[in-house]
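Q: Dumping the structure here so I can ask a few things about it.
The values are calculated or read from the model by the stated rules, or taken from the named source; none is laboratory data. Remember, it's a predicted structure, so these values are computed and weren't measured experimentally. Note that each Cβ is placed from the backbone with ideal geometry, even for glycine, and that neighbours are counted across all protein chains shown. Accessible surface is based on the protein model in full, side chains and every heavy atom, while ligands, DNA and RNA are left aside. Shrake-Rupley method; radii C 1.70, N 1.55, O 1.52, S 1.80 Å.
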Amino acid sequence: MIEHIMAGLSVDYINPFIEATINTFSTMVNITTKRDKIFLKGEGEEAYGVSGIISLDGEAHGSVVLSFHEHVAISVVSKFVGEEFTSISASVVDGVGELTSIIAGDAKNRLIQKGYKFDIGQPKMVTGRNYVAGQNKSVPCLVVSFTSPVGQFCLEVSLRKA
């Protein structure tokens, strides 16, 4: 299915990010997540309240965006750090950045095990309402939505072979 959506981009690049997301939430946040819908950005994406964005470089160039509605970010980061938050704060935003880094690092290791070479950047954070994380229009962006007991969130992967 993913191969049809992302013509020209190897499923080998995408699956490690999906696996890393599920693994990170299971081991670091103690939340079971399940992959839900997969679609190209622009075909029904939602605006979120907190996003972590990490650039990727190496055999493919692009970015990964982990996005949450505000209430989901608060719940996830509360579970992640073991402290109860009730609103978006610098700690919640930092927690989303850290989760984004962990997922990108895990995916990078999975890609290295397959023989690919990637570098990841530092997370950049976006917060607010009714924004859509930008993308390079010439690079397709795959949106993978996940369900969890605390709510839905999305991972966007936008890569182009170098």
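Q: How long is the gain from T27 to K161 if the chain were fully straight, where each residue apart is worth 0.36 nm and the alpha carbon distance is subtracted?
A: 45.2 nm
Q: Can you give the local net charge around K114? Use residues other than it whose beta-carbon is closer than 14 angstrom to its beta-carbon, Lys and Arg +1, Asp and Glu -1.
A: So the environment of K114 carries a net charge of -1.
Q: Amide H neighbours of H69 under 5 Å, at least 5 residues apart or on other chains, H built in the peptide plane: list them.
A: Correct list: G49.
Q: Now for a different question. Determine ³J(HN,Hα), in whole Hz, for all residues of the stretch 139-145 in sequence, where each value follows from phi through the Karplus function 6.51 cos²θ - 1.76 cosθ + 1.60 and θ = phi - 60°; x replaces Gly and Pro.
A: Per residue, the Karplus-derived 3J(HN,Hα) values read 10, x, 10, 8, 9, 10, 8 Hz.
Q: State, to one decimal in nm, how far the label point of T86 lies from the label point of V139, with both points 7 Å from Cα in the Cβ direction.
A: Each label point lies 7 Å from its Cα, and together they span 4.1 nm.
Q: Please go through the residue pairs K108/K161; K34/K79; K114/K161; K37/K117 and name each one whose alpha carbons sit more than 19 Å apart in this structure.
A: K37/K117, as the Cα separations exceed 19 Å there.
Q: Moving on to the next point. Can you pull the Rg over Rh of the stretch 76-119, Cα-only, Kirkwood?
A: Rg/Rh for the stretch 76-119 comes to 1.18.
Q: Sorting S51, S26 by accessible area (1.4 Å probe), largest first, what list results?
A: Ranked from most to least accessible, the order is S26, S51.
Q: Let me ask something else about it. Rank these by accessible area, largest first, 1.4 Å probe: I74, I22.
A: Largest to smallest exposure gives the sequence I22, I74.
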